Amino acid sequence: MSAATDRRDAPASLQLFAEVLLVGVLACVACLPLVTVLAAGGAGATCIRELVESDRTPRLRRFVSLMGTALRDPVGWLAPLALLVVGTLDTVAVLGGVPGATLLGPVIGLAVVLGVICGVRSAARWRPGIAWRDVLADAGSAVLRDWPGSVLLAGALVVVVVVGVQVPAFVVILPGLLVMAAVAIEHRLPSR
């Protein structure tokens, strides 16, 4: 390979990086209301999956269309709301000194992490036309059935949190990186 060939391929090698950045920014902005986290992840995962499988470039119009489709199913915004409410109430109870808080704290933390992993996996599995209830049930069973993938996703979640804490400027692209990790983890599985 010559140096000229390497220079011509350089912009193409940055294409995936730029498109994941775009999806990350779109997902981050779409996640701001918090209850739209699942829909934003599903839309971002669909954009990344279309890029990988059919070389379809993610566009703002397509992302917004997918978000609208994802939010039409009320489970798509009720599930994150339920996890947020339950997680907040449990955290307040533990911090308030409920009896058994030293034992209950780690259990609640693990439950929240498993809930987030289930949500991210369901977002990676969602496609337009599939009900969120079905996707969440399938992802919930996949958390335990495909435990190596769940461990990989937990590792990606830890990396995203650490990078977000260490370099807050990257917060705008971190949802895209997490979605890309989830799509890659789901893509490694045999076809369902």
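Before moving on, here are some points about what is shown:
- Ile108 being touching a Ser or Thr at 6+ places or on another chain (Cβ under 9 Å), at pLDDT below 90 and either farther than 15 Å from Leu177 by Cβ or in a helix (DSSP H, G or I) (or both): yes
- Pick from the stretch 40-57, criterion free of Cβ contacts under 8 Å to residues at least 60 places away in the same chain and buried (at least 22 other Cβ atoms within 10 Å of the Cβ), ranking: farthest from Ala184 (Cα to Cα): Ala43
- Considered as a group, the residues in the stretch 158-177 that are touching a Leu at 6+ places or on another chain (Cβ under 7 Å) and within 22 Å of Gly76 (Cβ to Cβ) include one that is modelled with the lowest pLDDT, and that residue is Gly176.
- Condition check for Thr46 on (1) touching a Lys or Arg at 6+ places or on another chain (Cβ under 8 Å); (2) of a type in the set (Val, Ile, Thr); (3) over 21 Å from Val120 (Cβ atoms): one failure, at (3).
- Of the residues in the stretch 139-157, at least one is surrounded by 13 or more Cβ atoms within 10 Å (Cβ to Cβ), out of contact with any strand residue (DSSP E or B) (no Cβ under 7 Å at 6 or more places or on another chain), part of a helix (DSSP H, G or I) and among the polar types (S, T, N, Q).
- So Arg133, is it closer than 25 Å to Cys47 by Cα, among the basic types (Lys, Arg), assigned to a helix (DSSP H, G or I) and at pLDDT 90 or above: yes
- Residues being surrounded by fewer than 20 Cβ atoms within 10 Å (Cβ to Cβ) and under 13 Å from the mean Cα position of the chain (by Cα) are represented in the stretch 116-127 by at least one member.
- Of all residues in the stretch 91-105, those that are over 26 Å from Ala30 (Cβ atoms) and assigned to a helix (DSSP H, G or I) total 9.
The values are calculated or read from the model by the stated rules, or taken from the named source; none is laboratory data. Keep in mind that what you see is a predicted model, and the values were worked out from it rather than measured. Glycine also receives a Cβ, built like all others from the backbone with ideal geometry; neighbour counts cover every protein chain displayed.
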